[in-house]
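The values are calculated or read from the model by the stated rules, or taken from the named source; none is laboratory data. Every value quoted in this text rests on a predicted model; they were computed, and no experiment measured them. With ideal geometry, Cβ positions are generated from the backbone for all residues, glycine too; neighbour counts draw on all protein chains shown.
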Amino acid sequence: MTTTDPETTQRRKGAQLAIATAISALIIGSAVLLAFLVGDGGDSATTAAGGDPPTVVTGEAPTTVDYVNYVDPEALLAGHAGRPLVINFFASWCAPCRAELPDLAAAHAIYGDRVDFVGVDFQEISEKGAAELLWETGVTYRIMEDPKGLLLQDLGGLPIMPTTIFVTADSEIVDRHHGLIVESQLTDRIEEIIAAS
């Protein structure tokens, strides 16, 4: 039987504590860096969109969102039948959502005459935060809310933010993109649902 002296045991505990502290610092530092890079909706959003932001933000941000209401997923899809549809699930607490919303606003400005866009505020913790986010990122298309996550579940999405669902004019879901969608992916998917419609 091997015994360990108290000094060796103390050194091991100290080393374990140092490793745990370093890992924690790395995780926190990464989160702070990500929030800094995508959290302001300013220059980084402009770069991500490949040009100027779609809307110049002036005045004061609203404190509420004018939510539209669809009874269920079938009503949502039926309400947009005959036109391709992009459904984007987002939340104000989601840093990747903040990063992609300027691209969605820009796509709406380009394709809005041929494609419908609906944003879905997913399990929001602050309507004021959502209103500010939409205002800062230039989003002007319709917004509905999914406080319990049931709409995303019913549309076959995973509870991952953000999630973007692409629907043809025949109400056929052709893609569910989980996670951040970059401008080129967004454009490609929109072109696909236009071509399939």
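For the reader, a short list of remarks on this structure follows.
- Subset of the range 160-197 (residues that are under 15 Å from the mean Cα position of the chain (by Cα) and free of Cβ contacts under 8 Å to residues at least 24 places away in the same chain): Ile160, Arg176, His177, His178, Gln185
- Any chance Leu152 is within 21 Å of Phe166 (Cα to Cα), in contact with a strand residue (DSSP E or B) (Cβ under 6 Å, 6 or more places away or on another chain) and touching a residue at least 24 places away in the same chain (Cβ under 8 Å): yes
- Tally, over the range 69-107, of residues that are small (Gly, Ala, Ser), in contact with a helix residue (DSSP H, G or I) (Cβ under 9 Å, 6 or more places away or on another chain) and at pLDDT below 95: 0
- With respect to the conditions (1) in contact with a helix residue (DSSP H, G or I) (Cβ under 6 Å, 6 or more places away or on another chain); (2) over 19 Å from Arg176 (Cα atoms), Trp135 lacks only one, and its number is (1).
- Single match in Asp116, Asp154, Asp170 (criterion: charged (D, E, K, R), touching a helix residue (DSSP H, G or I) at 6+ places or on another chain (Cβ under 6 Å) and either within 21 Å of Ala78 (Cβ to Cβ) or surrounded by 22 or more Cβ atoms within 10 Å (Cβ to Cβ) (or both)): Asp154
- Among residues of the range 157-167 being crowded, with 17+ Cβ neighbours inside 10 Å and farther than 19 Å from Gly79 by Cα, the one that is modelled with the lowest pLDDT is Gly157.
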